[in-house]
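The values are calculated or read from the model by the stated rules, or taken from the named source; none is laboratory data. Note that the coordinates shown come from a computational prediction; the quantities given were computed from them, not determined experimentally. In this analysis, Cβ positions are derived from the backbone assuming ideal geometry, glycine residues included, and neighbour counts consider all displayed protein chains.
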Amino acid sequence: MTDRVFLCRCEDVTLAEIDHAIAKDLTSVEEIKRYTGLGTGPCQGRECIGPLACLLVRRGLANPETVAPFTARPPTEPVTFGAL
């Protein structure tokens, strides 16, 4: 069995990768997303943003009142399923 703990199951981002990002002084949700790819999978962060925010708050790297989710980037114009 492996000791890996996944924070983002969609993109296979582990707790060790988050720790590595924090060690590089990346401490905001947006910075960690850009460095690791966390939250860029099919769920678009709905599964992993909460655990990441809790981790940052527990480690004293974020204030619970001001921790912000990452920037959402919807399509520039609506696309129908038929067009896909």
For segment 1-21, the count of residues that are surrounded by fewer than 17 Cβ atoms within 10 Å (Cβ to Cβ), under 20 Å from V67 (Cα atoms) and of a type in the set (A, V, I, L, M) equals 1
Among G41, G60, the single one that is part of a loop (DSSP other than H, G, I, E, B) and either crowded, with 16+ Cβ neighbours inside 10 Å or in contact (Cβ under 8 Å) with a residue 24 or more places away in the chain (or both) is G41
Handout entry: Test: T66 is loosely packed, with under 10 Cβ neighbours inside 10 Å and modelled with pLDDT of 85 or more
Key = yes
Among residues of segment 22-38 being under 20 Å from N63 (Cα atoms) and small (G, A, S), the residue surrounded by the most Cβ atoms within 10 Å (Cβ to Cβ) is S28
Quick count over segment 25-84, residues being farther than 17 Å from R9 by Cα, among the polar types (S, T, N, Q) and touching a helix residue (DSSP H, G or I) at 6+ places or on another chain (Cβ under 9 Å), is 4
